[in-house]
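The values are calculated or read from the model by the stated rules, or taken from the named source; none is laboratory data. Quantities reported herein were computed from a predicted structural model and do not represent experimental measurements. Virtual Cβ from ideal backbone geometry, glycine too; neighbours counted across all protein chains shown. These accessible areas exclude ligands, DNA and RNA; they are computed on the full protein's heavy atoms, side chains included. Shrake-Rupley method; radii C 1.70, N 1.55, O 1.52, S 1.80 Å.
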Amino acid sequence: MGCCSGRCTLAFICGMQLVSVLERQVIDFLGYQWAPILTNFLHIIVVILGLFGTIQFRPKYVTGYAAWLVIWMTWNVFIICFYLEVGDLSRESDLVLTFNLSMHRSWWMENGPGCRVTPITPPPSWAPEDHRYISISGCLMDFEFIEVAHSSLQILLALAGFIYACYVVKLISEEEDSFDFIGGFDSYGYQGPQKTSHLQLQPMYM
(Lines give C-alpha, C1' and ligand atoms only; values in the text may rest on other atoms or scores of the structure.)
Protein backbone atom coordinates (compact mmCIF):
# COMPACT_ATOMS: atom_id res chain seq x y z
CA MET A 1 0.00 0.00 0.00
CA GLY A 2 2.84 2.38 0.91
CA CYS A 3 4.67 1.67 -2.33
CA CYS A 4 1.52 2.25 -4.37
CA SER A 5 0.83 5.53 -2.57
CA GLY A 6 4.42 6.70 -3.00
CA ARG A 7 4.49 5.78 -6.69
CA CYS A 8 1.19 7.56 -7.34
CA THR A 9 2.43 10.69 -5.59
CA LEU A 10 5.71 10.63 -7.51
CA ALA A 11 3.83 10.14 -10.80
CA PHE A 12 1.66 13.15 -9.94
CA ILE A 13 4.75 15.24 -9.18
CA CYS A 14 6.30 14.19 -12.50
CA GLY A 15 3.12 15.26 -14.26
CA MET A 16 3.20 18.65 -12.56
CA GLN A 17 6.84 19.06 -13.55
CA LEU A 18 6.06 18.28 -17.19
CA VAL A 19 3.21 20.80 -17.33
CA SER A 20 5.23 23.56 -15.66
CA VAL A 21 8.41 23.02 -17.69
CA LEU A 22 6.49 22.88 -20.98
CA GLU A 23 4.98 26.27 -20.15
CA ARG A 24 8.43 27.56 -19.30
CA GLN A 25 9.85 26.12 -22.52
CA VAL A 26 7.32 28.05 -24.60
CA ILE A 27 8.16 31.28 -22.74
CA ASP A 28 11.90 30.75 -23.23
CA PHE A 29 11.38 30.06 -26.95
CA LEU A 30 9.53 33.35 -27.27
CA GLY A 31 12.42 35.11 -25.56
CA TYR A 32 15.15 33.34 -27.58
CA GLN A 33 16.89 32.16 -24.43
CA TRP A 34 18.86 29.21 -25.79
CA ALA A 35 20.57 27.94 -22.64
CA PRO A 36 17.27 27.55 -20.74
CA ILE A 37 15.70 25.97 -23.84
CA LEU A 38 18.36 23.23 -23.95
CA THR A 39 18.20 22.67 -20.18
CA ASN A 40 14.40 22.50 -20.23
CA PHE A 41 14.57 19.94 -23.05
CA LEU A 42 16.91 17.71 -21.01
CA HIS A 43 14.63 18.09 -18.00
CA ILE A 44 11.59 17.01 -20.02
CA ILE A 45 13.39 13.85 -21.20
CA VAL A 46 14.59 12.91 -17.70
CA VAL A 47 11.16 13.52 -16.13
CA ILE A 48 9.56 11.24 -18.75
CA LEU A 49 12.14 8.55 -17.94
CA GLY A 50 11.50 9.03 -14.23
CA LEU A 51 7.75 8.68 -14.82
CA PHE A 52 8.36 5.52 -16.83
CA GLY A 53 10.57 4.09 -14.08
CA THR A 54 7.95 4.91 -11.46
CA ILE A 55 5.16 3.16 -13.34
CA GLN A 56 7.24 0.16 -14.47
CA PHE A 57 9.10 -0.47 -11.18
CA ARG A 58 12.50 0.48 -12.64
CA PRO A 59 14.56 1.78 -9.69
CA LYS A 60 17.55 2.67 -11.91
CA TYR A 61 15.41 5.10 -13.90
CA VAL A 62 14.04 6.65 -10.71
CA THR A 63 17.55 6.93 -9.26
CA GLY A 64 18.77 8.69 -12.41
CA TYR A 65 15.78 11.01 -12.22
CA ALA A 66 16.62 11.86 -8.60
CA ALA A 67 20.27 12.57 -9.49
CA TRP A 68 19.20 14.90 -12.32
CA LEU A 69 16.91 16.82 -9.96
CA VAL A 70 19.96 17.90 -7.96
CA ILE A 71 21.44 19.42 -11.13
CA TRP A 72 18.06 20.95 -12.04
CA MET A 73 17.72 22.61 -8.64
CA THR A 74 21.26 23.99 -8.94
CA TRP A 75 20.43 25.43 -12.38
CA ASN A 76 17.31 27.14 -11.08
CA VAL A 77 19.20 28.61 -8.13
CA PHE A 78 21.62 30.05 -10.69
CA ILE A 79 18.71 31.52 -12.69
CA ILE A 80 17.38 33.18 -9.53
CA CYS A 81 20.81 34.63 -8.78
CA PHE A 82 21.11 35.78 -12.40
CA TYR A 83 17.86 37.73 -12.43
CA LEU A 84 18.50 39.17 -8.96
CA GLU A 85 22.03 40.10 -10.10
CA VAL A 86 23.76 38.40 -7.20
CA GLY A 87 27.50 39.01 -7.14
CA ASP A 88 28.95 39.83 -10.57
CA LEU A 89 25.94 38.48 -12.51
CA SER A 90 24.10 40.94 -14.73
CA ARG A 91 20.73 40.63 -16.44
CA GLU A 92 22.15 42.60 -19.37
CA SER A 93 24.62 39.84 -20.27
CA ASP A 94 23.80 38.10 -23.57
CA LEU A 95 26.40 35.35 -23.11
CA VAL A 96 24.86 33.52 -20.16
CA LEU A 97 21.39 32.63 -21.44
CA THR A 98 21.59 33.18 -25.20
CA PHE A 99 25.22 32.13 -25.94
CA ASN A 100 25.60 35.59 -27.53
CA LEU A 101 23.50 34.38 -30.48
CA SER A 102 20.75 36.89 -29.81
CA MET A 103 19.91 39.78 -27.54
CA HIS A 104 18.90 38.62 -24.07
CA ARG A 105 15.39 39.48 -23.06
CA SER A 106 12.74 37.79 -21.00
CA TRP A 107 9.35 37.41 -22.67
CA TRP A 108 7.82 38.73 -19.47
CA MET A 109 9.67 42.03 -19.93
CA GLU A 110 7.09 43.15 -22.50
CA ASN A 111 4.22 40.81 -21.72
CA GLY A 112 4.02 40.88 -17.95
CA PRO A 113 0.72 41.64 -16.22
CA GLY A 114 -0.31 45.25 -16.85
CA CYS A 115 2.70 46.09 -19.02
CA ARG A 116 2.19 48.74 -21.71
CA VAL A 117 4.71 48.80 -24.56
CA THR A 118 5.18 52.08 -26.42
CA PRO A 119 7.50 52.25 -29.46
CA ILE A 120 9.80 55.28 -29.39
CA THR A 121 10.26 57.04 -32.72
CA PRO A 122 12.62 58.08 -33.94
CA PRO A 123 14.97 55.68 -32.13
CA PRO A 124 18.16 57.07 -30.62
CA SER A 125 21.26 57.09 -32.78
CA TRP A 126 22.98 54.41 -30.68
CA ALA A 127 20.14 51.89 -31.09
CA PRO A 128 20.94 48.98 -33.48
CA GLU A 129 19.07 49.14 -36.78
CA ASP A 130 17.63 45.64 -36.44
CA HIS A 131 16.18 46.30 -32.98
CA ARG A 132 13.21 48.38 -31.98
CA TYR A 133 13.42 50.92 -29.21
CA ILE A 134 10.49 50.79 -26.81
CA SER A 135 9.29 52.12 -23.50
CA ILE A 136 7.66 49.74 -21.01
CA SER A 137 5.43 51.06 -18.23
CA GLY A 138 2.58 50.08 -15.94
CA CYS A 139 3.83 46.56 -15.09
CA LEU A 140 2.22 45.17 -11.97
CA MET A 141 5.29 43.00 -11.37
CA ASP A 142 8.79 43.35 -12.75
CA PHE A 143 9.82 40.59 -15.15
CA GLU A 144 12.78 39.48 -13.03
CA PHE A 145 10.48 38.62 -10.13
CA ILE A 146 8.24 36.59 -12.46
CA GLU A 147 11.29 34.64 -13.63
CA VAL A 148 12.36 34.14 -10.02
CA ALA A 149 8.88 32.85 -9.16
CA HIS A 150 9.04 30.35 -12.05
CA SER A 151 12.45 29.06 -10.93
CA SER A 152 11.28 28.88 -7.30
CA LEU A 153 8.33 26.72 -8.37
CA GLN A 154 10.70 24.42 -10.24
CA ILE A 155 12.89 24.10 -7.15
CA LEU A 156 9.89 23.20 -4.95
CA LEU A 157 8.66 20.57 -7.41
CA ALA A 158 12.17 19.17 -7.81
CA LEU A 159 12.66 18.97 -4.05
CA ALA A 160 9.37 17.10 -3.63
CA GLY A 161 10.27 14.83 -6.56
CA PHE A 162 13.70 14.07 -5.10
CA ILE A 163 12.26 13.14 -1.69
CA TYR A 164 9.59 10.86 -3.18
CA ALA A 165 12.03 9.35 -5.69
CA CYS A 166 14.31 8.29 -2.84
CA TYR A 167 11.29 6.96 -0.95
CA VAL A 168 10.03 4.95 -3.93
CA VAL A 169 13.48 3.47 -4.65
CA LYS A 170 13.73 2.42 -0.99
CA LEU A 171 10.30 0.77 -1.05
CA ILE A 172 10.95 -1.04 -4.34
CA SER A 173 14.27 -2.34 -2.98
CA GLU A 174 12.58 -3.55 0.21
CA GLU A 175 9.89 -5.35 -1.80
CA GLU A 176 12.52 -7.04 -3.97
CA ASP A 177 14.46 -8.12 -0.88
CA SER A 178 11.35 -9.55 0.79
CA PHE A 179 10.39 -11.38 -2.40
CA ASP A 180 13.87 -12.87 -2.60
CA PHE A 181 13.65 -13.91 1.07
CA ILE A 182 10.53 -16.00 0.54
CA GLY A 183 12.07 -17.74 -2.43
CA GLY A 184 10.83 -15.62 -5.31
CA PHE A 185 14.28 -15.64 -6.85
CA ASP A 186 15.30 -19.11 -5.71
CA SER A 187 18.38 -20.12 -7.66
CA TYR A 188 17.63 -23.80 -7.39
CA GLY A 189 16.02 -25.25 -10.47
CA TYR A 190 12.73 -27.04 -10.20
CA GLN A 191 12.89 -30.78 -10.71
CA GLY A 192 9.81 -32.77 -11.33
CA PRO A 193 9.19 -36.12 -9.69
CA GLN A 194 11.28 -38.89 -11.18
CA LYS A 195 9.39 -41.71 -12.74
CA THR A 196 10.58 -45.13 -11.67
CA SER A 197 9.86 -48.14 -13.75
CA HIS A 198 8.54 -51.17 -11.92
CA LEU A 199 8.32 -53.28 -15.01
CA GLN A 200 10.87 -56.06 -15.29
CA LEU A 201 12.21 -56.53 -18.78
CA GLN A 202 11.85 -60.10 -20.00
CA PRO A 203 13.93 -61.62 -22.81
CA MET A 204 12.03 -62.06 -26.03
CA TYR A 205 12.39 -65.27 -28.07
CA MET A 206 11.47 -65.56 -31.68
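Heavy-atom accessible area for Cys8, with the other protein chains in place and a 1.4 Å probe, reaches approximately 80 Å². Taking His43, His150 and ordering them by how much accessible surface each has at a 1.4 Å probe, largest first, produces His150, His43. In terms of the mean number of neighbouring beta-carbon atoms within 10 Å, the peptides 151-162, 49-60 order highest first as 151-162, 49-60.
Figure note: Trp108, Trp34 ranked by solvent-accessible area, largest first, 1.4 Å probe, ligands and nucleic acids not counted: Trp34, Trp108.
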